[in-house]
Amino acid sequence: MSVYFDLIFDIPVLNNSNVHSYTYQVDDKNEAAVGKRAMVPFGRRDILGYIIAERENPPDSIKIESIKKIRRVVDKEPLFDTKIVEIARWMADFYLCNIGQALSIMIPSGRRMIVPEIPESDEEIEPSLSISDEQYNALHEITSSTSSDMFYLYGITGSGKTEVFLRAAQHMLNIGKSVIYLVPEISLTHQTAQMIGRRFGSLAATLHSGMSPSTRLAEWVRIRRGEAPIVVGPRSAVFAPVVNLGLIIIDEEHDGSYKSGNTPRYHARQVALRRCNLEGSPLVMGSATPSAEAWKLMSEGSIKRLDLTRRLSGGVMPQIKAVSLAKTQGCLTKELKEEIRVTAQMGKQTILFMNRRGFAHFYHCPDCGWELICKRCSVSLTWHKSRGRCICHYCGFSQSPPTVCPNCGCLEAGYSGFGTEMIEEEVRRIFPDLQIRRIDADTANKKATDELGQIAEKRNLEDTLALFKNGVIDILLGTQMVAKGLNFPGVRLVGVVFADTGLHMPDFRAAERTFSLIVQVAGRAGRYFPDSKVIVQTLRLDDPVISRSCALDVSGFFDAELKQRKALNFPPYSRIIRFTIRAKDVKRADTAIKQLDSLIKPLIIQGIDKLGPAECPIGIINFNHRRQIILRCSSMGPIHKLAKEVLFRYEKEKDVKTYLEVDVDPISML
Ligand code: ADP
Ligand code: ZN
Ligand code: ZN
């Protein structure tokens with residue numbers, strides 16, 4: 001019986017080795033064990049810690065009398081094992097945080113367990129399909145892998161990637177191994193979870209962020225006991241404590257939601273790779289539009305590419321046409337309106353995609369160019385007509401729109417550009433007989449503050465998707481949520497209302513994102529029948545990104561894109577670490593970034609580029625002034641070493657009123 005335990009805490013201290021554990025004596029009830037959480041005295045208060053190791057004797061450096069006792073053990077059974085601790089250690093090291101911060105985002109935070117009701121599904125069991133030769137070959141490659149190989153199921157939208165994933169998973173279950181199946185965001189989690197539930201019944205577990213902490217904890221425990229060997233979920237499901245990992249699947253690998261937006265800013269693909277390496281299991285990714293990183297690795301051969309080139313359930317790739325929005329009043333071209341009408345007459349459905357919520361984009365003055373900007377952020381406000389407010393999409397600030405231009409007094413000040421809300425209004429006006437529903441962050445994903453609210457919001461989104469799937473809704477209008485992986489049998493028409501929105505963002509991935517969004521959303525059409533249509537509305541008919549996406553020319557796109565990335569020395573031809581300073585006080589922000597810069601400068605060696613210090617593209621968010629320095633190098637090693645050293649020194653002398661964020665391999669550069 002161990003008498004001492006090492007605990008770590010989720011407190012933001014960074015030391016050079018990243019390991020910051022504290023030794024405590026066993027609790028009175030003798031319940032302490034590695035993998036459990038416990039309350040312990042720390043300074044003047046009690047805090048929650050993770051027990052990561054046991055020991056016979058305390059470390060030599062500590063006097064026995066000074067060792068405190070664990071107050072109370074929280075968990076009845078361990079929530080994690082040493083493999084998870086190993087991953088946390090690696091995360092802390094690679095993403096430059098401390099191991100407590102890493103563990104705290106991995107392990108569920110719930111204290112009680114609420115076993116989730118298993119939803120009754122009235123849908124029939126999928127018929128057992130006979131798989132195509134291409135599917136068979138892909139499956140065979142994956143299941144005959146014996147080590148941590150990487151595969152990429154590169155198949156056009158609707159080519160049956162899911163079936164290959166499910167069978168590969170089945171194979172692993174048959175030989176007594178577990179599978180983690182990652183999907184982007186909640187809407188797709190639900191669809192895939194249902195499918196997996198139908199196939200694998202109670203052997204399947206779901207983990208996602210919309211779940212209450214208590215439900216999440218119950219699922220987690222079931223997984224750890226080995227009762228649920230197949231786990232489906234978004235990004236954080238990569239940490240699922242499965243027993244005997246056999247395979248990790250990353251569906252829609254290109255999706256941005258695999259990268260965390262908070263510390264530690266991990267990428268699920270990177271973590272999956274690490275886990276697979278540690279446990280000797282293969283990793284399978286899949287998409288119709290791989291990321292540039294994956295595309296490069298495939299062409300170099302370090303990821304094995306498996307091709308699926310045909311749609312299998314009667315579908316044919318849609319006919320895609322780009323049309324100019326230039327002379328159109330409102331947001332729908334003649335062509336798009338006509339196709340919506342034809343589609344409805346055929347009894348089929350339409351998806352309208354617009355990557356921008358709200359009613360209009362800018363509120364501005366046509367005379368002097370004045371624009372309504374958030375008073376807390378350096379971004380323009382969006383006019384939300386239904387609420388009668390101009391709203392900031394970064395901080396939530398809102399105000400009523402001015403009636404005259406505050407700059408020149410002109411009475412013409414008003415909105416221009418458009419968002420989902422305005423499209424909804426126009427479609428309702430033109431097609432009063434059709435059922436239209438809009439899903440975007442305003443309707444589906446309001447930041448509900450309590451558990452019940454979150455569940456209600458999630459149901460709302462799921463309800464809409466179910467109604468659309470059943471054909472009750474004629475037109476589904478939405479942002480990215482409608483573009484991702486969803487499988488709706490009745491969709492004949494997809495309209496991309498304005499394709500150009502993301503093209504000219506100050507981010508080297510702008511073209512890649514625009515391209516993949518258009519190809520993905522186009523892929524929602526005609527999955528079960530021929531003669532489907534996609535209309536892409538644009539102001540840039542000649543832009544090669546638009547024309548290649550309309551031609552579904554993935555390799556043509558990457559040939560051009562990778563050439564350009566190489567010429568400009570951007571990823572995947574280089575690696576990047578981004579430092580962002582934020583402070584309420586602009587002088588403090590400037591001083592801090594200079595101070596950081598002065599620590600970085602002497603450590604720069606040949607081969608490392610330093611970009612900045614500079615103001616971030618979005619210079620102010622929620623009154624915080626933002627400054628950045630970007631380090632770039634052909635490989636991660638040198639900049640990572642530099643960043644570690646700089647953080648260690650900066651920590652000691654930093655101004656407490658400023659914040660530093662470090663992002664290793666950032667995907668947002670705003
Ligand atoms: P992807 O994930 O590649 O976009 P899906 O996996 O959603 O495509 O597959 C599209 C449709 O094709 C699904 O309805 C699926 O049931 C069907 N399908 C998959 N494999 C086969 C097959 N071998 N024969 C017939 N239909 C298939
Ligand atoms: Zn004006
Ligand atoms: Zn704002």
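The values are calculated or read from the model by the stated rules, or taken from the named source; none is laboratory data. Here the structure is a predicted model, which is why all the values come from computation and not from measurement. Positions of Cβ are backbone-derived with ideal geometry, glycine not excepted, and every protein chain shown enters the neighbour counts. In case anyone asks, the SASA skips ligands and DNA or RNA and just uses the protein heavy atoms, side chains included. Shrake-Rupley method; radii C 1.70, N 1.55, O 1.52, S 1.80 Å.
Before moving on, here are some points about what is shown:
- Once both labels are positioned 7 Å from their Cα atoms along Cα-to-Cβ, the gap between Ala567 and Ala33 label points is 6.2 nm.
- Reach of Lys29 by Cα under 16 Å, taken over lysines that are not fewer than 8 positions away in the same chain: Lys68, Lys69, Lys76
- Estimated [θ] at 222 nm from DSSP helical runs (n ≥ 4, -39500 (n - 2.57)) normalised by residues in the chain, nearest 500: -9500 deg cm²/dmol
- Taking packing as the residue-averaged number of other Cβ atoms within 10 angstrom, the listed peptides 142-148, 293-299, 249-255 run from highest to lowest as 249-255, 293-299, 142-148.
- Fraction of antiparallel bridges per DSSP, the chain only, in percent to nearest 5: 50
- Residues whose amide H comes within less than 5 Å of that of Glu54, counting only those at least five positions distant or on another chain, are Asp6 (H built at 1.01 Å from N in the peptide plane).
- In the full protein context, segment 463-539 carries 27 Å² of accessible surface per residue, based on a 1.4 Å probe and ignoring ligands, DNA and RNA.
- What segment 575-646 shows is 45 Å² of accessible area per residue, with the surface traced by a 1.4 Å probe over protein heavy atoms.
- Per-peptide packing, taken as the mean over residues of other Cβ atoms within 10 Å, places 205-214, 280-289, 429-438 in the sequence 280-289, 205-214, 429-438 from highest down.
- An ellipsoid equivalent to the chain, defined through the eigenvalues of its Cα gyration tensor, has semi-axes of 41, 33, 25 Å when rounded to whole angstrom and sorted largest first.
- Taking 0.36 nm per residue of separation and subtracting the current Cα-Cα distance, fully stretching the chain between Tyr136 and Phe623 would add 169.8 nm.
- Given R0 = 41 Å, the distance between the Cβ atoms of Asp433 and Asp542 translates into a calculated FRET efficiency of 0.65.
- Segment 260-385: relative contact order as a whole-number percent, Cα under 8 Å and 6+ apart: 10
- Once C-alpha pairs closer than 8 Å and six or more residues apart are averaged by separation and normalised to the residue number of the chain, the relative contact order reads 12 percent.
- Between Lys654 and Glu412, full extension at 0.36 nm per residue minus the direct alpha carbon distance yields a gain of 82.3 nm.
- At an R0 of 51 angstrom, the distance between the Cβ atoms of Glu645 and Asp367 translates into a FRET efficiency of 0.45.
- Relative contact order, percent, segment 189-321 [alpha-carbon distance under 8 Å, six or more residues apart]: 18
- Violating pairs (Cα-Cα greater than 32 angstrom) within the set Lys375/Lys533; Lys161/Lys385; Lys296/Lys469; Lys566/Lys644; Lys36/Lys259: Lys375/Lys533; Lys161/Lys385; Lys296/Lys469
- A straight chain from Glu661 to Ser400 at 0.36 nm per residue would run longer than the Cα-Cα distance by 90.6 nm.
- Solvent exposure of segment 279-369 as accessible area per residue, Å², 1.4 Å probe: 44
- Listed peptides 218-229, 651-662 by packing density, highest first (mean Cβ within 10 Å): 218-229, 651-662
- Surface share of carbon and sulfur [accessible, 1.4 angstrom probe, percent] for the chain: 49
- Applying 1/(1 + (r/R0)^6) with R0 = 25 Å to the Cβ-Cβ distance of Lys601 and Ser635 gives a FRET efficiency near 0.75.
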